[in-house]
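What follows is a set of notes on a single structure, which appears directly below.
The values are calculated or read from the model by the stated rules, or taken from the named source; none is laboratory data. The structure presented is a predicted model; accordingly, all values stated were derived computationally and were not measured. All Cβ positions, even for glycine, are placed from backbone atoms using ideal geometry, and neighbour counts span all protein chains on display. For accessibility, only protein heavy atoms count, side chains too; no ligands or nucleic acids. Shrake-Rupley method; radii C 1.70, N 1.55, O 1.52, S 1.80 Å.
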Amino acid sequence: MLYAILCYNEENVVSTWTPQEDQACMERLMDVQSGMSAQGRLGPVVRLWNTDEAKTLRKTSGDPVVFDGPFAETKEQFLGFYVADCASMDEALNFARDLAAANPGTGSYEIRPLRYFGDNKLSKTEMLGVAAE
């Protein structure tokens, strides 16, 4: 099953890292990712731009309204996500634990199973970036 692992952290802390601190964190995260990637079980890994670059489209009863930044008022911001092919929620949680250990500071990881819906043009193999056999 594919799982989304959504990464939240305090953007105001992460944005103060020096280039060296940021690179060190990225290297630790890449070390964690390498095992799943080598097995062809890691899909897109995305690091989002800062929230001041974001827009939120909020749909209510009338026309949708666009806001600057994320709509939610939270201490932590959604900073990126992984798509991983895991045999169980426990395996996905263990992968998230390894990611959390590699990432300094506080934050949280939300783990959700993914479902295909609609006319999905990408196969599971394509989503994970694995060559078709």
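Selection over the range 33-53 of residues that are open to solvent by less than 60 Å² (accessible area, probe 1.4 Å) and either aromatic (F, W, Y) or within 14 Å of the chain's Cα centre (by Cα) (or both) gives a count of 5. Set side by side, the residues G40, G62 differ, and just one is in a loop (DSSP other than H, G, I, E, B) and on the phi > 0 side of the Ramachandran plot, which is G40. Within the range 106-124, the set of residues being modelled with pLDDT of 65 or more and open to solvent by less than 70 Å² (accessible area, probe 1.4 Å) comprises G107, S108, Y109, E110, I111, P113, L114. Just name the residue that is farthest from D52 (Cα to Cα) out of those in the range 69-99 that are within 12 Å of the chain's Cα centre (by Cα) and at pLDDT below 90. So the residue we want is G80.
From the residues in the range 52-68 that are among the hydrophobic types (A, V, I, L, M, F, W, C) and touching a Pro at 6+ places or on another chain (Cβ under 8 Å), which one is modelled with the lowest pLDDT? Checked the range 52-68; the qualifying residue modelled with the lowest pLDDT is L57.
The residue list L57, L79 contains one member that is part of a strand (DSSP E or B) and without any contact (Cβ under 8 Å) to a residue 12 or more places away in the chain, which is L57. Looking only at the range 60-76, filter to residues that are in contact (Cβ under 8 Å) with a residue 12 or more places away in the chain and acidic (D, E); which one of those is least open to solvent (accessible area, probe 1.4 Å)? Going through the qualifying residues, I end up with E76. R97 satisfies every condition listed in (1) touching a Lys or Arg at 6+ places or on another chain (Cβ under 6 Å); (2) open to solvent by 90 Å² or more (accessible area, probe 1.4 Å) except (1).
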